[in-house]
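Engineer: Attaching a single structure in structure tokens format; questions to follow.
No lab work stands behind these numbers, since they all come straight from the coordinates. These numbers were taken from a predicted model, which means no experiment stands behind them. Ideal geometry is used to build each Cβ from the backbone, glycine not excepted, and the neighbour counts take in all protein chains shown.
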Amino acid sequence: MWSGPRNISTAMMRSWGNRADTYVCDEPLYAHYLAATGLPHPGREEVIARHETDPCKVAAWLTGPVPGDRRIFFQKHMSHHLLAGMDRTWLALLTHAFLIRNPAEMLTSLIKVTPRISLADTGLPQQVELVAWLESRLGRTPPILDARDVLENPRTILQSLCAKVGVRFDEAMLHWPPGPRATDGVWAKHWYAAVEKSRGFEPYRPKVEPVPDEYRPLLLASRELYDVLYAKRLSPP
């Protein structure tokens, strides 16, 4: 599942990780992304030291046997971690889904953590690119979930997602025990405080905080890409 930053991607990982038949992994390309870009994210050196930085080795693991002898391998990816120039042939071996969020809500959260951001940092250009590639290859649109739809209709949207990717829906996906997970990245201590307290998908609450004027051009560009994806999303009945 390809998400952008400041989305409900970790809650979605918790959802899939609560299935007995599923193994989950947390942003497996993050260490390579940090090593290649030099960005000063929280815990950068520890992430690089503790996680694999060779994208070829990561790809081999992601397309190999499912860890833990599980039937399903849920991979939580940030779409901006798929850097230009990286080999992408391995993507053809996976089943893909996408998670998006209203840019006005995403940006107000993201700029508090990484104030110097570009359109690429939102993950939206990469998501649009990947969706178009999959559409040309498969002849259909892969599942696209909007965060608000998930929070407002978790059962309905997850049932639709499971049907689209060919697995049965499991009630365990709706609730999970609080706390950290061994499968969380070492960056969890910097980002996952709220998720570690959660027991399920939190109800949707609109954000009224405005995007600062200096980010208005970025908001408009993000909105244009988001709208392309939103029009193709799995919508609730």
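Engineer: Collect residues whose amide H, placed 1.01 Å from N in the peptide plane, falls under 5 Å from the amide H of Val66; neighbours closer than 5 in sequence don't count.
Structural biologist: Correct list: empty.
Engineer: For labels at Arg168 and Glu135 in the simple 7 Å Cα→Cβ model, what's the distance in nm?
Structural biologist: The two pseudo-label positions are separated by 3.4 nm.
Engineer: Also, quick follow-up: Give me the lysines in straight-line cross-link reach of Lys112: C-alpha distance below 23 Å, same-chain residues under 8 apart excluded.
Structural biologist: Leaving aside lysines fewer than 8 places away in the same chain, those within reach of Lys112 are Lys76, Lys189, Lys197, Lys207.
Engineer: Could you point to the residue in Thr53, His32, Pro206 farthest towards the positive end of the chain's charge dipole, with +1 and -1 charges on the Cβ of Lys/Arg and Asp/Glu respectively?
Structural biologist: The listed residue farthest towards the positive side: Pro206.
Engineer: Now, a different point. What ranking do 122-128, 226-232 get when scored by the average of other Cβ atoms within 10 Å per residue, highest first?
Structural biologist: My ranking of the peptides, most packed first, is 122-128, 226-232.
Engineer: Give me the net charge of Arg6's neighbourhood, meaning all other residues with Cβ under 15 Å from the Cβ of Arg6; Lys, Arg count +1, Asp, Glu -1.
Structural biologist: Result for the local shell: 0.
Engineer: No solvent, one uniform scatterer per C-alpha: report log10 I(q)/I(0) for region 2-230 via the Debye equation at q = 0.10, 0.12, 0.15 1/Å, two decimals.
Structural biologist: -0.44, -0.66, -1.10
Engineer: Let me check I've understood the local charge: for Tyr204, count other residues with C-beta under 13 angstrom from its C-beta, Lys and Arg +1, Asp and Glu -1. What total comes out?
Structural biologist: In short, -1.
Engineer: In addition: Can you put Met173, Met78 in order of Cβ neighbours within 10 angstrom, beginning with the fewest?
Structural biologist: By the 10 Å Cβ count, ascending: Met78, Met173.
Engineer: If amide hydrogens are placed 1.01 Å from N in the peptide plane, which non-local residues have theirs closer than 5 Å to the one on Gly200?
Structural biologist: Correct list: Trp176.
Engineer: For region 115-128, in order, what is each residue's ³J(HN,Hα) by Karplus, 6.51 cos²θ - 1.76 cosθ + 1.60 with θ = phi - 60°, in whole Hz (x at glycine and Pro)?
Structural biologist: x, 9, 10, 10, 4, 4, 5, 7, x, 5, x, 5, 5, 4
Engineer: If you build a Gaussian network model of the chain, linking Cα atoms that sit under 10 Å apart, which residue out of Pro177, Pro55, Pro103 swings the most?
Structural biologist: Ranking Pro177, Pro55, Pro103 by mean-square fluctuation puts Pro177 first.
Engineer: Here is a follow-up. Between region 165-190 and region 91-152, what is the C-alpha centre distance in whole Å?
Structural biologist: First find each Cα centre; the distance between them is then 20 Å.
Engineer: As a footprinting exposure proxy, order Ser3, Ser136 by other Cβ within 10 Å, with the fewest listed first.
Structural biologist: Ser136, Ser3
Engineer: Label points 7 Å out from Cα along the Cβ direction at Thr114 and Ala92: separation in nm?
Structural biologist: Distance between the two pseudo-spin positions: 3.0 nm.
Engineer: In what order do Leu99, Leu91 fall by count of nearby beta-carbon atoms within 10 Å, going from fewest to most?
Structural biologist: Going from sparsest to densest Cβ surroundings: Leu91, Leu99.
Engineer: In debye, nearest 20, what is the charge dipole magnitude of region 2-230 about its Cα centre with +1 on Lys and Arg Cβ and -1 on Asp and Glu Cβ, if you could check? Provide the component values of the computation, followed by the final result.
Structural biologist: On the way: 27 positive and 26 negative charges, 80 e Å.
Here region 2-230 has a charge dipole of around 380 debye.
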